[in-house]
Structure formats: C-alpha cells, structure tokens
Ligand SMILES: [Zn+2]
Ligand SMILES: [Zn+2]
C-alpha cells in the first residue's frame, strides 16, 4: 500500500493537519500518513529576502522518500519564494512526488485581520489539494471554481472551491492509470464533505 505522506516542517500548530488529512484522504481516495522528515530550513533561508526557497525545501523533502510514499506534502509556517516571484503559497513537482504548502499567508492575521481558524483551515485544504493535484500531473485550470485555478492572492483562494472540475478529475484518474496500473481505486473520487 502506498500513502500520501503529510510532513509538518517546524510547524507550530499540528491541529490543522487533523482535518486536512481526513479530507485529503477522501478527495484522493488514498490513505495519508504523517511523518517528520529531516529538513533543514536554515539551509534554504534567504537573508536578503527574509524568506525560504521553496524549490530547495522540495529538494530536501524528496531526497530520501519512504518506499510507500506515493506523494509527499510538506506543510510549514515560514514564507516561501521562488526567485522570479515575491512569494508562493506552495510549490509542487508536476507529475512527481513532492509538494509543499506554506501557511504563512493563509492566516487572516497576516493581512491585519482577526484570525479565523476555519477560514485558515479551508485555505490550507485548497492549497494542499492544488499542489497535490500538480503531483498528479494537473496543470492550472481556467474553470473559476476549480481547485486547480491558480491563486495569486489569498482572495483567489477564497473564491475557488476545494474540488476538482470534471476535466481535472478526469486527469487525476488518468494519471493513476498511467503511473500505477496495478492499483484499483473505487469511485467517486471526491466527496462533498467540507
Ligand atoms: Zn499551481
Ligand atoms: Zn479544473
């Protein structure tokens, strides 16, 4: 059996992961497993930007994957960037194993507003499903409500759902047929829960 590994990286509040894991398991119809990996955040810190290089976090995340890790999702608190952008909510390997999501800009407090745990939780789910969707080979989708719609600002995250549009859903099914022909999944692939 293979798993979607959920890897907290120096994450302060692990409670967010409880809900996340259940929903991710429902959506992708795969079991999740939580594990701590050896990740050195100081190594990927850019002092000039006061941010952390997300591609380098990804590299560390997939350096020694457990044998039963089909997908890996790192979750952290620190602010991530890639050199050409001021920040990223997350990053993933297209059709690969690794993905990472930052909670830094998912909190209302980052925008000077009152903290809202449920909202943060929903944002985390959407961004996690989005990045994992990339690992299943999905690219950005123009369907407004689709979770694979790209998000530049947190408002964009709030506007989309945590679900795949029918086309993207098809892509996930197909990616499974391509990459793991021996595994049989039961459909439907996503639930309406949450
Ligand atoms: Zn994306
Ligand atoms: Zn879509």
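Assorted remarks:
- Using a Förster distance of 35 Å, the FRET efficiency for residue 153-residue 31 (Cβ separation, nearest 0.05): 0.60
- Where labels lie 7 Å past Cα in the beta-carbon direction, separation of residue 104 and residue 68 in nm: 3.4
- Whether the stretch 3-179 is rounded, prolate or oblate, judged on the alpha carbon gyration tensor where a/c under 1.5 counts as rounded: rounded
- Annotation for the stretch 1-30 versus the stretch 53-99: alpha-carbon center distance of 15 Å.
- Taking 0.36 nm per residue of sequence separation and removing the Cα-Cα distance, the residue 116/residue 43 pair yields an extension gain of 23.1 nm.
- 222 nm mean residue ellipticity, helices alone, for the chain (DSSP H n ≥ 4; -39,500 (n - 2.57); rounded to 500): -10000 deg cm²/dmol
- Cut-off 11 Å, label 7 Å out along Cα→Cβ of residue 13, residues of the stretch 107-123 by amide N: 107-110, 115-122
Rule-based calculations on the coordinates, nothing more; no lab input. Bear in mind the structure is a predicted one, so any value in this text is a computation, not a measurement. Note that we place each Cβ from the backbone using ideal geometry, even for glycine, and neighbour counts take in every protein chain shown.
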